[in-house]
Every structure is written in structure tokens, then in C-alpha cells.
Amino acid sequence: MNNDVEFTRTTSFNEMLGFVNHIEKNKPSFHRTTHIHFLRNFTIEPIEPFLKFYLYSAHINVHITYSDYDAIHTEILNSDSTLILEQPEFVVLSLFYHVNDLFSHSQYQNLSDLKNYVITLYESLIEKTKSLILINTFIPSSHGTLIQHSADIDGLPAVYEQLNYFINEFASAHASRIILLDWNKYVRLLSEEKSIDHRYWYMNKAPFKKEFLNQYAVDISNIVKLVKGQIKKCLILDCDNTLWGGIIGEDGLEKIKLDYYEYPGKIYYDFQQRIINLYNRGILIVLCSKNNAEDVWNVLDNHPASLLKREHIAAHKINWNDKATNIKEIAEELNLGFDSLVFIDDSAFECGLVSKFIPEITVLQVPKELYLLPQLLLKNKIFESLNINEADKKRTLSYQQEQLRRTSAQQFVDIEEYLKSLNLKLNIHIAKDSEFARIAQLTQKTNQFNLSLKRYTEKEIQQFSQCENTKIFSLWTSDKFGDYGLTGVFIAKNNSNHIYIDSFLQSCRILSKRIEYAFFTYCFEQLKSAWDITTNCYTDYFQTQRNGQIFQFLQMLGFRKMNEKDNFHEYELNQLSLLPNFNFIQINEGKHS
Amino acid sequence: MNCDIESRIKKVMANVFGVNVESITEDDSTDTIEKWTSLGHMNLVIALEEEFGIQFNEQAIIELISYPLVVYTVKEVLETEKVT
């Protein structure tokens, strides 16, 4: 059931309810959980099955709460409200004004009153909560009067447009805290008839039809997925009839359809353009094709309209093996989890095969209506991200170097000999302001070698850095093949003379090189002398299917399990064990050049 | 045919209220099914409208408060739509 192909279009409301009931009865253990709190002035509860459907499908458990009707102010002002007390991860502020209510409400006599009202609301939410706040635009009636009368709100869609423009400006200026969901986009997509339910509005104060609620839930759940770190990192592409029309092995370079102007080649050209955009954002591009390798490279190297070039490709499997096996090998080579992969192919057979054997992967088939191909990824909201930073862009380079490293790994029998030959260099220092964005990103993206799986925002990291009893170390790594950048984070707190390890994580790019031992030992010694603590140290290991390496790591260090509750394991360290040799790793302190 | 409508209604109700299809009887109403709250009621209306491709008017919505009334109302709406 967790296959994206089957879910994308046609799931009915009844099927969604069935799925949600099934999940809630069987209570599978999703390791991600979130809390969404609705602040609203109407009945938004019918959105719940939709929202749960999309989040459960993404293996995210969700706790949904609602403010009382029109109790937004009391929630904000009362220190014991759900909003303030529980600090939900997401606050969805849903404001709806039926045309008849917009200005008849005594509070707002005109547009600027209403502007002031909503802005004050947004600002106080920013101030009083730490939540990510989702707001909405206002929907004008499409049944306005023909001639516009200034006294008649029905005739003044421009009023709504002004208001929406203003909200949009505000949201962009506060992008780290506020996300604007455009309700008018749903209405454009669905028509007003399929969006607004006047019947239910008057009966239950529930103005939206299920199609509209569905769109709203899709947007909200996509944002949750972005924040909860279900981030796609790699795009695996078939070649024939995916990157170009026709079959290169049969049609040859001249006859395949790929063109910057003519139909249908232009469709593939535009699709390649989208792929290049993803490459520029740091997504890894991989080829997986049943073909002769030289034919495929011939297109990338020599076809005048092929935007995609050899240097864009982080890895490739161009052979006649089955694609599931190929993709498994790719994931291993690039050290990526299956759920961070996206696979596109024109063949239903290949799509089916891959999603059968690798259910975690997102599979998209080239649409039968070929003109929809360029929008394929945008429409499915894949590879969206809240923030891009420089490290992303360098990633492909770094993965290409990883392939080089692997080739040389085969020439050594003794792993230690090999590691020595890498000339590993670490630079470890207290995290600097300029590193906070990357550190937050690492906490959000790292799933494999991540002790507590605590996800932080840039702002939270900054707050930690100002805290006297908290220390954040950042780790920079390089070796003879190149620079890996900021790839490790260690966050520790001094809890009444105990070192509490809040977070310890390393990017998967630098695993199995004994760097973790060097990094841990170094930080640990620093903390002991800074805080004058002998060895008293403890931590919470959050166990998931993917971070099993952490378990081994804790055991190697000499941590012992003290307590266990659900997936939380409390570990304590009294004596650091003798570790595998890592003295071939050179450690520098201070500023990274 | 009628029997088919009833089993489809039971299936919808089971989905909406999170109960077993077999457990729904003639005696069931807003009083006996825990999740048949005002919100459950809204979901029921949406789900029935989707299942049968119909639209209830306000009066019909208000009357949907027990299993027999749901069956009666759905059949009535289906009949009316056939005629028009």
C-alpha cells in the first residue's frame, strides 16, 4: 500500500477513510510524529481524514488538535492553551470569511481594519510560538456584480486581491516562520462549484467541499513532509523514451526525438531542463537504462539538444540487468536510503518491478499524455525543499569523488592500510554563525548515522549557541580526493555535572572511515575539560530501522543501556572503551579555511 | 439491487465510523454508534454522496440519523434522480 504510484490520482474519500481506519487499528510504529494545531474561525475538522491519509501514507504519525471556534485570541493570550502549552510543531491558521460576513462583522469596517487584524494575528503567533505557521489567502466570490459598486463587497474582488497581495508580502518577509497556502489556487484548479459548499456553510459553518479539503491537505502534508526530513536526494532516470523520444540503440543519434523547438522533441528538452534545475539544487542525477553504455554517452556527449551532459551524472547503471538490482546497487554506492530515491521510467513493467522489490522508493511513470512530462516532478511536489544552501550544490562533485575512492578501495586488502592512505583530515570547532543553516539541515536530513534524530531549525541552533551550558561542535572533513565540507555535528549539554549528548550525527558521505571515533573522542575530551566533568555522560538513542549503526557505535564506545521506552533508549557511559585505531586521522582545531 | 444498495451503505458507514460491516444493524443510529457525532455525520454525508454520485438537500441531511433512515433517504434520492 505504500507505493506512490498507486496513490497519486484516484484515491476516493471512502478509500482514504478505509486506509486511515486500517492504520489506526493496527498502529504501526512510524518513527516520525508531528502535532498540527488548527486555529480557525470555521469548521475545518472534515479535513482530518485527508490529512491523516497523506501523512500516514508517508509513515508520519500525526496528532491533530483544534482551537475552539473564534477563540484564536484567547488561545494566543492564555498561557495554558494548547497553542502555548503544547507548542505544536505546526500551526495552521485557517481564516475564512464568507462574502456576507467579511465587513458586516462589526470589528472591521474596511479593508485596512482587516489588514491590521490579520497582521497583528500573524505577528503575535510568531512571537508567542515556535511553530511553523501556515496561513491562507482569501477567496473572492466569482459571482460578483457586473458593474462594480464601491458599497457592495460582492462587486469588489479587487479588495480581496489587495488583501491577498498584502498577506503575500508579509509571508515572504517572514519566510522562516510563515508559509502562505493559496486557497485561490485550489479554486482555480477545481472551480468554485467544486470548492465552496454553501449548503454546509449555512448548516455547519463548514464552507469547503471535499475536493478543496483534499487540495488543502495535500499542501499541508507536503510541508510537514519537508520539515520532517522525508527529503528526496536522488533522481534515477531511464533513458529511451524518458530523456528522449525513441530508442537510441535502434534509431541512432539523428533520429531520436530531442529538440529545443519541434514537437515532440521539445517536450523531452523541457524535461531535461527541469532535471538540470534539480542538479543545480544539489539533487543527484543517476542513469539506469537497459542499453549499450556507449550509445547513451553518445547522446549526452554529442547530441546538440541534450542539456544533460556527462558531468551531471553522479552514478550510472547502463546494462541489461534488472532495474531493481541496479537501483539497490546505486543506493549502496551512493550510501542513500531507498526512501530518498525517485525513479522515472516510461515502462509500466519496469515501474512495477522496481516498486514491487523496493517499496520505499518513489516511482513515477512517464505520462501517456507526453505533454505532461515536464511538469511531472513539480506536480507531484517531489524535490521541493524549504531551504537550499551551498553544500547541496557541491554534493554531486563529492559523490563522484566517492566513486573514485571506491575504485581504489578494491586495491587494498587491509582496511586500515587503505584508510591511512586517504590522508583524512578533520577540522573540529565550536559552531559558527555561518554554519547554523548547514547544521540545521544536517539534523533534518541525516537518518542513518544520527543518535537522537532530533530535527532542528536554524533558529533553534542559534539559540543553543547562545546557551552557556550547551556546546555545538561542527566537523569538517577532507581527504586526498577532495573536500566533504561540514559533515558532522555534536551537540552536548551540561546537565548538573553530567554530559548529556543531545545530538551526534555524521553525514553518510563520511561513514566507515573511523571518523566517528575521532570526532566523538575529541569533542568528549573538550567537554570534560571545559566543564570539569570526569566521565559522567548519558544520552538518548532513538532507535529506527535505519540508524542501527548507532547501536554498534554506542557499544564500541562502552555505553550501557539503562532504560528503554518505546524507541527511546537511555544510555550511560562510565568508562570509554578501547577503540579501533584512528591515529592516522589528522585533527585540526579552530577556524576552517 | 436494493440489497446491493444496503451493503454499499453498510460499507460506507463502516469506513466512516471505523466499525465492522457485520456489526451494523437496523437498530443503529446516532445514539448507538460512538463516532456518529456531528463531525462523523458530515463525513458520512460526503462519503455517501461520493459512493452513490448523489447530492442530498438540507432536509435529507438532517434526516440521516439512523441506519434505516440512511437506507430510506439514499433510495429516495436515487429514485428522484432516475425520474428527472
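Laid out as a table, the results:
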{"read-out": "Karplus-derived HN-Hα couplings along the range A:189-204 (A = 6.51, B = -1.76, C = 1.60, θ = phi - 60°), whole Hz, x at Gly and Pro", "value": "5, 10, 5, 5, 4, 8, 9, 9, 10, 5, 4, 6, 4, 6, 7, 10"}
{"read-out": "Cα radius of gyration and Dmax for the range A:307-388 (Å)", "value": "13.5, 38"}
{"read-out": "Percentage relative contact order, chain B, counting C-alpha pairs under 8 Å, at least six apart", "value": "31"}
{"read-out": "Built amide H within the under 5 Å cut-off of A:Lys317, gap 5+", "value": "A:Leu287, A:Cys288, A:Ser289"}
{"read-out": "Given charges at Cβ of Lys, Arg, Asp, Glu: the protein assembly as shown dipole, positive-most of A:Tyr418, A:Phe519, A:Thr43", "value": "A:Tyr418"}
{"read-out": "Stretch gain in nm, segment A:Gln87-A:Cys467, where the contour uses 0.36 nm per residue and the Cα spacing is subtracted", "value": "134.8 nm"}
{"read-out": "Calculated FRET efficiency for the pair A:Glu161/B:Glu81, C-beta based, R₀ 30 Å, to 0.05", "value": "0.15"}
{"read-out": "Karplus-derived HN-Hα couplings along the range A:338-354 (A = 6.51, B = -1.76, C = 1.60, θ = phi - 60°), whole Hz, x at Gly and Pro", "value": "4, 6, 9, 9, 10, 10, 10, 8, 8, 8, 4, 4, 5, 4, x, 4, 5"}
{"read-out": "Signed unit charges on C-beta, dipole axis of the protein assembly as shown, positive-most listed residue A:Tyr216, A:Gln586, A:Ala348", "value": "A:Gln586"}
{"read-out": "Whole-Hz couplings from phi, Karplus 6.51/-1.76/1.60, listed for the range A:53-61; x for Gly and Pro", "value": "4, 5, 6, 4, 4, 8, 6, 10, 7"}
{"read-out": "Convex hull volume per residue in cubic angstrom - Cα atoms of the range A:170-228", "value": "105"}
{"read-out": "Lysine pairs with alpha-carbon atoms under 28 Å apart, the range A:189-278, spacing 8 or more or separate chains", "value": "12"}
{"read-out": "Cα pair distances exceeding 48 angstrom across the protein assembly as shown, given as percent", "value": "26"}
{"read-out": "Kirkwood Rh and Cα Rg combined as Rg over Rh, evaluated for the range A:481-536", "value": "1.04"}
{"read-out": "Packing rank of B:64-74, A:254-264, B:20-30, where each peptide gets the mean count of other beta carbons within 10 Å, highest leading", "value": "B:64-74, A:254-264, B:20-30"}
{"read-out": "Sequence-distant residues sharing a close amide H with A:Gly485 (under 5 Å, placed H)", "value": "A:Thr477"}
{"read-out": "Cα pair distances exceeding 14 angstrom across the range B:2-83, given as percent", "value": "58"}
{"read-out": "Within the range B:2-83: Cβ-based charge dipole about Cα centre, in debye rounded to nearest 20 (Lys, Arg +1; Asp, Glu -1)", "value": "180"}
{"read-out": "Qualifying aspartates and glutamates (Cα of each under 20 Å from Cα of A:Lys115; at least 8 residues distant if same chain)", "value": "A:Asp70, A:Asp101, A:Glu123, A:Glu127, A:Asp152, A:Asp154, A:Glu161, A:Glu169, A:Asp182"}
{"read-out": "Amide H contacts of A:Tyr66 (H built 1.01 Å from N, under 5 Å, at least 5 apart or other chain)", "value": "A:Phe38"}
{"read-out": "Over the range A:505-593: Rg over Rh, Cα atoms, Kirkwood Rh", "value": "0.97"}
{"read-out": "DSSP-defined antiparallel bridges as percent of all bridges, the protein assembly as shown, nearest 5", "value": "45"}
{"read-out": "Farthest positive-ward along the range A:411-589 dipole, Cα basis, beta-carbon charges - from A:Gln552, A:Phe504, A:Phe449", "value": "A:Phe449"}
{"read-out": "Reachable aspartates and glutamates from A:Lys317, criterion Cα separation under 15 angstrom, eight or more residues apart if same chain", "value": "A:Asp238, A:Asp240, A:Glu294, A:Asp295, A:Glu329, A:Glu332, A:Glu333, A:Asp345, A:Glu350"}
{"read-out": "Long-range lysine pairs (8 or more apart or interchain), the range A:411-589, Cα under 12 Å", "value": "9"}
{"read-out": "Within chain A: Cβ-based charge dipole about Cα centre, in debye rounded to nearest 20 (Lys, Arg +1; Asp, Glu -1)", "value": "940"}
{"read-out": "Rough spin-label spacing in nm, given labels placed 7 Å along Cα→Cβ, for A:Asn168 and A:Phe551", "value": "5.1"}
{"read-out": "Neighbouring partner chain Cβ atoms per residue of A:258-266, average, 10 Å criterion", "value": "0"}
{"read-out": "Gyration tensor (Cα) of the range A:247-387, equivalent ellipsoid semi-axes in angstrom", "value": "23, 18, 16"}
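Taken together, the values in this text are just the output of simple stated rules run on the coordinates, not laboratory data. Everything numeric in this text was worked out from a predicted model, so none of it was measured. Note that we place each Cβ from the backbone using ideal geometry, even for glycine, and neighbour counts take in every protein chain shown.
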